[in-house]
There are 2 protein chains.
Amino acid sequence: MASSLLSRQLTLSVQHSLRLAAPGCRYVSKTAAQPVSEFEYDAPSMKTPVPGPKSKELTRQLGDIQNVGAVNFFCNYEESRGNYLVDADGNRMLDLYTQISSVPIGYNHPALMKAITNPNNLTAFVNRPALGILPPENFPEKLIESLLSVAPAGMTRVQTMACGSCSNENAFKAMFIWYKIKERGASGPSAEEMSSCMINQGPGCPDLSILSFMGGFHGRTMGKCCLATTHSKVIHKLDIPSFDWPIAPFPKLQYPLEQFVRENAQEEARCLEEVEDLIVKWRQKGKPVAGIIVEPIQAEGGDNHASHDFFIKLRNIARKHGCAFHVDEVQTGGGTTGKFWAHEHWGTGDPADIVSFSKKMLTGGYYFKDELQPDKGYRIFNTWMGDPSKNVFLSEVLNVIRRENLLEEVTRSGKALLQGLYELQAQYPHLLSRARGLGTFCAIDARDDVTRDNLILKTRDKGVLLGGCGEMSIRFRPSLVFKEYHAHQFLNIFNDVLAEYK
Amino acid sequence: MASSLLSRQLTLSVQHSLRLAAPGCRYVSKTAAQPVSEFEYDAPSMKTPVPGPKSKELTRQLGDIQNVGAVNFFCNYEESRGNYLVDADGNRMLDLYTQISSVPIGYNHPALMKAITNPNNLTAFVNRPALGILPPENFPEKLIESLLSVAPAGMTRVQTMACGSCSNENAFKAMFIWYKIKERGASGPSAEEMSSCMINQGPGCPDLSILSFMGGFHGRTMGKCCLATTHSKVIHKLDIPSFDWPIAPFPKLQYPLEQFVRENAQEEARCLEEVEDLIVKWRQKGKPVAGIIVEPIQAEGGDNHASHDFFIKLRNIARKHGCAFHVDEVQTGGGTTGKFWAHEHWGTGDPADIVSFSKKMLTGGYYFKDELQPDKGYRIFNTWMGDPSKNVFLSEVLNVIRRENLLEEVTRSGKALLQGLYELQAQYPHLLSRARGLGTFCAIDARDDVTRDNLILKTRDKGVLLGGCGEMSIRFRPSLVFKEYHAHQFLNIFNDVLAEYK
C-alpha cells in the first residue's frame, strides 16, 4: 500500500507530501502547522504490546542467523513517517530514540524521497567508488555543499569514513602520525622505524597513547583507539584485549547546573588537575599522550555534562602539552543540541584539532586542521572511505535544516521537553531526578536501573519509544523535526506512566 | 546526457538496456554476444593522458580538503558502463582494477539500475535503521535471499558490518569472546573481570593474541585486530602503536605451482611448523592465540598463493590448539576466483570458523559457526551494523551471477587471461615473471617496482586500468562480467606496451 503511494511519487513532483501520509490518518491541529505535520501522523496508535506477535516471530527467525539479544522489535519503515516509527505489528510510536540518535529529519522525509528518485543521483547509489583513488568528478563540489558547509570553526578539511568507530580509529591514526612527524621534524623515518613497524615493534610502532575519560564512549572496534577509550559499560569491554592508556575522571556534576555552580567548578578543577597529572605520568612511563578525546556530553555513559569553561580549559591543557584535541561529536553533532555542533556552545573560535562525526550526519568521518593532514596518501586509507551516496542525502538534510530553521525548532522543543522533565521530577521525586539537557539532547535519571528499564517499557507500550544510557538514565534523542507539540505528547504519556507506576 | 538517459529509464521497464549504452557506441562483435555487451562499450577510447586536465584541476580542488596523494584521477560514473570506466576528461578505460576489486558486475548494470528505481526498495535507502535493535521486518528474509544463499560450508550465521576493517575487527572480538567463554566453562565472568575491563586491565581485558602471516592484509583500523595483523606495506603501519602478536611466515612459492610441487611442499611444511612453534611460544608468554587469520590468497601483500593442502593443514593446526580459524575473504570472495569463495577450492567441508567479507559483497560482515555467536546482545554491536540498502543490491548481484553463470565465465576468462600472461612472460622474460592466478584473480611480477609502476601507467594511457600489489606485482581484478574478449583486449594492449618498453 505505502509502496504504491511511493511508486506514485516517482511520477510526481515533490509538491505532494500530503499524499505521502498513509490514508485515513488525520492531519494535526492548527497548533502544529509545521511542514513536518504535512507528511507524518498526528499521534501514536497501539494495537498490541511491544514486541507484538509478528515481531516475536521475526525475532525467532533472526535468532537462527545472529544474536538477537539486543533486538527490541521489527519495524515497518515503509509506513513510518516523521517522528513516528511503525512496527511490524502495526503499532505506531512517537520516536524519541530515532535509531540511537541517527535519524536527522524523521522517517521518509519528502526531501529524501525526492533525492532517491532524482535520476541525477542514481549512479551515486549504484556505483560505489574507492573514494581515495578514484573519486567521482562531483566529489569536491558535494563535500563543499554538504560536509564543509557545516565545518567546525578553524577546520577546512574533512575525511569521510563508513561508520563512527572507523571515524575515531582513523582520527586517532591521524593524531599519532601528526605527533611523530612533529617529533621527527625535518628528518624522515629511520630505516629501523621502517623495518620494525612491519612486525608491530617500536620504534616504527611507537608506544603512544590517547587520553580518554571514564564514562566516555568512542566506539566498539577492538581498535586500541576506540574500544580502549570506551569506558561506559562492562558488556562493551569484557574479554577483549586492551591497552595501558590513561583514563581521566569525567566531572560528576550536580543538576540543575545553575544551582551548583561553585560545587561543580570544584569538581571540574579536580578532574582537570588529574588530566595534567596523567599526561605527565604517561610521558614518564614512555607512553606519551598524542591526543585527548572527549565528548561534549558523555552520551552512552549517561548524559554527563560539563561546563563550557571545563572544555576550554581542557583544550588549553592539550595545547600546552602538545597533545591533539579530538572532540567526538558522533552523537552530539548534527543539530540535536540546538547548535549544529555541541562544541559551539563553548563559544571558542578554536574548539578542537579533530572533530569526528557519524549518526545524524548519515556518513562517518572527521574534520581536521591542516596540521593533522597526513604527509602522504595511503596513510589514512581503506577501500571505500565512506559512501558518496550518503552525501547526497546529507545535502538534502542540511537544506531542510536551513529552510525550516530546525536548530531554532530544536531549541524551542528542547526547552519544552526539559521544562516538562523538571515538572515531572518535582511531581515524582521518588522516581525521577537529575533532569538535564541541551536542545532536545536531554536525559533524566530513574531511581535505579530496574525502574529505568520498566519505565522505558511501560512508556513504549503506551506509544513512545525511549532509550537508556549510563546506569539508570533515560536519554531523549528525537530527530530534528521534533516539535513542541511532540514534546507535550510525550510528556502527557510519560506522566500517565509515572502516575500508574507502582 | 547520460542523466537524461537514466531519467528515461525511470519511466521504462528494465528491458531497454540497449538504451543505456551511450549513443554512437558500436556494439561488440558476434564473438561476444554476452548480456554485458548489450549495455557496455566495445573498446577503450582515450582522449588525453591520464590524469587529464580536468582530473588535475579537480585533484587540486580536493587537495584543499584532504590528502590526495593516492588519487589516480576523477571519474564520470554516470557514463561508465560494464567493464569500462570513464574519467572526468572523457577517457574510457577497460577496468581491470574495479575500485580495488569492489565492483561485482560492472558499472551501471541494468539489474542494479532497476533495483534503485524499484519503488519497493526506496525506503530501504532513505531510512537507515539501527539493525541491532530495530531491524526492518524483511531483514531475515533479505539475509536469507542474499548473504545466506552463498554462506560458506558449515555456516548458517552471518553478521553484517559497514566495511572490511570493521568486519575483521568484530570477527576478532567474536573469537576472543568465544575463547574466554570456552575457558570459563559454566561459570560466568568474575567480579574482578567485570571491574578490571572498565580500565583496560586484565583479567577483564585478557592478554590474548591473534596469529597472522607476514604479507597478510586484514585492514587498517588501528584496531589491534586489523592493523596489528596487517604486514604488507610500511605506509600502512608506520607511527601507529601496535601489539606483540605472533606473525608467521607465509609460504614463498615458486610459480607455476605445478612445476615446483616438491619445493613448494617443503616451503609450506616449514611455515606450518613455524605456526605451531609460535602458538606454543605465545601460550608460554601468557598471550595465548585465540585465533588464526589468513587470506586464501594474500592479495595486497603481492598475490601470494599457497596449496589447498597448506590451508587444510593450517585449519587442522588451529583445531588442534583450540584456536578459531578465520578466513579473510574480503578480496578473494564474491566469485572472482571462479568459485564464490576462494576457500571452496580447498575442497573441505569445514573450511573455517569465521569467514569475513566486504568489497564485491557490497556490505562488510562475517559468517560464523554457531559456537562463535556471542552469548549476549550488545557484545558485537554498533549503531548501524551494516546497511540493509546494500543487501538490496547484493540480492540483484547474486541473481545476475546465477542467471548469467558468471562463475563459469570467470573461470573461462581467467584461463584466457592467465594463458596470455604466460605467453607474455615467455616473450618478455626480462620484464615479467611469476604469472599466477585463480579465476580472474591473477597477478604477474615486473622486474622491479619502478618497472611495475611504469608499466601500469603506460598501460593506463593506452586505455587499461591496472593495480599494483606487493613489491613489484601487477594485480588483475576485473569484475565478474569480464569476458574472454575483454581479456584479449587487455592482452593486446599490454603486449603493445611491453613491445615499446625501453
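The helices (runs of 4 or more DSSP H) found wholly in region B:110-223 and carrying at least 2 residues that are closer than 30 Å to A:L122 by Cβ occupy B:110-116, B:122-126, B:139-145, B:164-184.
Against the condition facing chain A (nearest Cβ under 8 Å) and not acidic (D, E), how does B:L96 come out, does it pass? Taking the combined requirement at face value, the residue does not satisfy it.
Could you please give the count of residues in region A:163-178 that are more than 8 Å from chain B (Cβ to nearest Cβ) and open to solvent by 10 Å² or more (accessible area, probe 1.4 Å)? Quick ask: steps written out before the conclusion?
Residues of region A:163-178 more than 8 Å from chain B (Cβ to nearest Cβ): A:167-168, A:171, A:174-175, A:178.
Then drop every residue that is not open to solvent by 10 Å² or more (accessible area, probe 1.4 Å), which leaves A:178.
The number of residues fulfilling the criteria is 1.
Which is more than 7 Å from every other protein chain (Cβ to nearest Cβ), open to solvent by 30 Å² or more (accessible area, probe 1.4 Å) and modelled with pLDDT under 80, of B:K233, B:K182?
Every option except B:K233 fails the conditions.
Residue-by-condition table, conditions (1) of a type in the set (G, A, S); (2) assigned to a helix (DSSP H, G or I); (3) surrounded by fewer than 23 Cβ atoms within 10 Å (Cβ to Cβ):
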| residue | (1), (2), (3) |
| --- | --- |
| A:E263 | no, yes, yes |
| A:E267 | no, yes, yes |
| A:P296 | no, no, no |
| A:I317 | no, yes, yes |
| A:G322 | yes, no, yes |
| A:T332 | no, no, no |
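Given A:K313, A:K339, which one is over 21 Å from B:I240 (Cβ atoms), open to solvent by 10 Å² or more (accessible area, probe 1.4 Å), in contact with a Gly (Cβ under 8 Å, 6 or more places away or on another chain) and not in a strand (DSSP E or B)?
After applying the criteria, what remains is A:K339.
For region A:99-109, filtering for residues that are β-branched (V, I, T) and either more than 8 Å from chain B (Cβ to nearest Cβ) or assigned to a helix (DSSP H, G or I) (or both) leaves 2. Each residue in region A:190-207 was checked for being facing chain B (nearest Cβ under 7 Å), free of Cβ contacts under 8 Å to residues at least 24 places away in the same chain and open to solvent by 50 Å² or more (accessible area, probe 1.4 Å), and 2 pass. With respect to B:S473, is the statement that it is of a type outside the set (V, I, T), out of contact with any His (no Cβ under 8 Å at 6 or more places or on another chain), over 30 Å from B:V150 (Cα atoms) and open to solvent by 10 Å² or more (accessible area, probe 1.4 Å) true? Considered against the rule, which asks whether it is of a type outside the set (V, I, T), out of contact with any His (no Cβ under 8 Å at 6 or more places or on another chain), over 30 Å from B:V150 (Cα atoms) and open to solvent by 10 Å² or more (accessible area, probe 1.4 Å), B:S473 comes out as no. Out of region A:425-446, which residues are in contact with a strand residue (DSSP E or B) (Cβ under 6 Å, 6 or more places away or on another chain) and hydrophobic (A, V, I, L, M, F, W, C)? Once the filter is applied, which keeps residues that are in contact with a strand residue (DSSP E or B) (Cβ under 6 Å, 6 or more places away or on another chain) and hydrophobic (A, V, I, L, M, F, W, C), region A:425-446 yields A:L432, A:A435, A:C442, A:A443, A:I444. Annotation: of all residues in region A:269-294 being under 30 Å from B:T383 (Cα atoms) and aliphatic (A, V, I, L, M), the one that is surrounded by the fewest Cβ atoms within 10 Å (Cβ to Cβ) is A:V275. Against the definition (in contact with a strand residue (DSSP E or B) (Cβ under 8 Å, 6 or more places away or on another chain) and either open to solvent by 20 Å² or more (accessible area, probe 1.4 Å) or within 30 Å of A:L465 (Cα to Cα) (or both)), how does B:T160 come out, yes or no? So B:T160 passes the test. Annotation note: of A:G164, A:G90, A:G82, the sole residue that is in contact with a Lys or Arg (Cβ under 6 Å, 6 or more places away or on another chain) and of a type in the set (G, A, S) is A:G90. Set side by side, the residues B:G414, B:G377, B:G386 differ, and just one is open to solvent by less than 10 Å² (accessible area, probe 1.4 Å) and either among the basic types (K, R) or within 12 Å of chain A (Cβ to nearest Cβ) (or both), which is B:G386.
For region A:164-188, give me the residue count where each residue is under 16 Å from the mean Cα position of the chain (by Cα) and hydroxyl-bearing (S, T, Y). The number of residues fulfilling the criteria is 2. Is it true that some residue in region A:395-405 is under 15 Å from A:H486 (Cα atoms), surrounded by 22 or more Cβ atoms within 10 Å (Cβ to Cβ) and either out of contact with any Asp or Glu (no Cβ under 9 Å at 6 or more places or on another chain) or among the small types (G, A, S) (or both)? Among the residues of region A:395-405, not one is under 15 Å from A:H486 (Cα atoms), surrounded by 22 or more Cβ atoms within 10 Å (Cβ to Cβ) and either out of contact with any Asp or Glu (no Cβ under 9 Å at 6 or more places or on another chain) or among the small types (G, A, S) (or both), which makes the answer no.
Quick check on region A:237-257: of everything there that is open to solvent by less than 10 Å² (accessible area, probe 1.4 Å) and not in a loop (DSSP other than H, G, I, E, B), which residue is farthest from the other protein chains (Cβ to nearest Cβ)? Checked region A:237-257; the qualifying residue farthest from the other protein chains (Cβ to nearest Cβ) is A:A248. Candidates in region B:113-122 are the residues that are at the interface with chain A (Cβ under 7 Å from one of its Cβ atoms) and open to solvent by less than 10 Å² (accessible area, probe 1.4 Å); of these, the one that is farthest from B:S389 (Cα to Cα) is B:M113.
Within region B:374-479, which helices (runs of 4 or more DSSP H) (wholly inside it) include 3 or more residues that are within 19 Å of the chain's Cα centre (by Cα)?
So the answer is B:388-403, B:406-427.
Going by the conditions given, is B:S187 more than 10 Å from chain A (Cβ to nearest Cβ), out of contact with any strand residue (DSSP E or B) (no Cβ under 9 Å at 6 or more places or on another chain) and open to solvent by less than 10 Å² (accessible area, probe 1.4 Å)? It is false that B:S187 is more than 10 Å from chain A (Cβ to nearest Cβ), out of contact with any strand residue (DSSP E or B) (no Cβ under 9 Å at 6 or more places or on another chain) and open to solvent by less than 10 Å² (accessible area, probe 1.4 Å). Scanning region B:355-373 for residues that are polar (S, T, N, Q) and either outside any loop (DSSP other than H, G, I, E, B) or open to solvent by less than 10 Å² (accessible area, probe 1.4 Å) (or both) gives B:S356, B:S358, B:T363. Exactly one of these conditions fails for A:P135: (1) open to solvent by less than 10 Å² (accessible area, probe 1.4 Å); (2) under 30 Å from A:E484 (Cα atoms). Give me its number. The number of the failed condition is (2). Kindly provide the set of residues from region B:74-103 that are under 15 Å from B:F441 (Cα atoms), in contact with a strand residue (DSSP E or B) (Cβ under 9 Å, 6 or more places away or on another chain) and in contact (Cβ under 8 Å) with a residue 40 or more places away in the chain, ordered by number. Within region B:74-103, B:D95, B:L96, B:Y97, B:T98, B:I100, B:S101, B:V103 meet the criteria. Using the structure shown, decide if A:A352 is under 15 Å from A:T156 (Cα atoms), more than 10 Å from chain B (Cβ to nearest Cβ), open to solvent by less than 20 Å² (accessible area, probe 1.4 Å) and hydrophobic (A, V, I, L, M, F, W, C). Criteria met by A:A352. Residues that are more than 8 Å from every other protein chain (Cβ to nearest Cβ) and out of contact with any Phe, Trp or Tyr (no Cβ under 7 Å at 6 or more places or on another chain) were ranked within region B:62-89; the one that is nearest to B:G467 (Cα to Cα) is B:V86.
Across region B:467-489, not a single residue is classified as within 20 Å of B:T332 (Cβ to Cβ) and free of Cβ contacts under 8 Å to residues at least 12 places away in the same chain. Scanning region A:417-429 for residues that are open to solvent by less than 20 Å² (accessible area, probe 1.4 Å) and not small (G, A, S) turns up A:L417, A:L421, A:L424.
The values are calculated or read from the model by the stated rules, or taken from the named source; none is laboratory data. Since the structure is predicted, the reported quantities are computational estimates derived from the model, not experimental observations. Neighbour counts are summed over all protein chains in view; Cβ atoms, including those assigned to glycine, are modelled from backbone coordinates with ideal geometry. Side chains included, ligands, DNA and RNA excluded: accessible areas come from the protein's heavy atoms. Shrake-Rupley method; radii C 1.70, N 1.55, O 1.52, S 1.80 Å.
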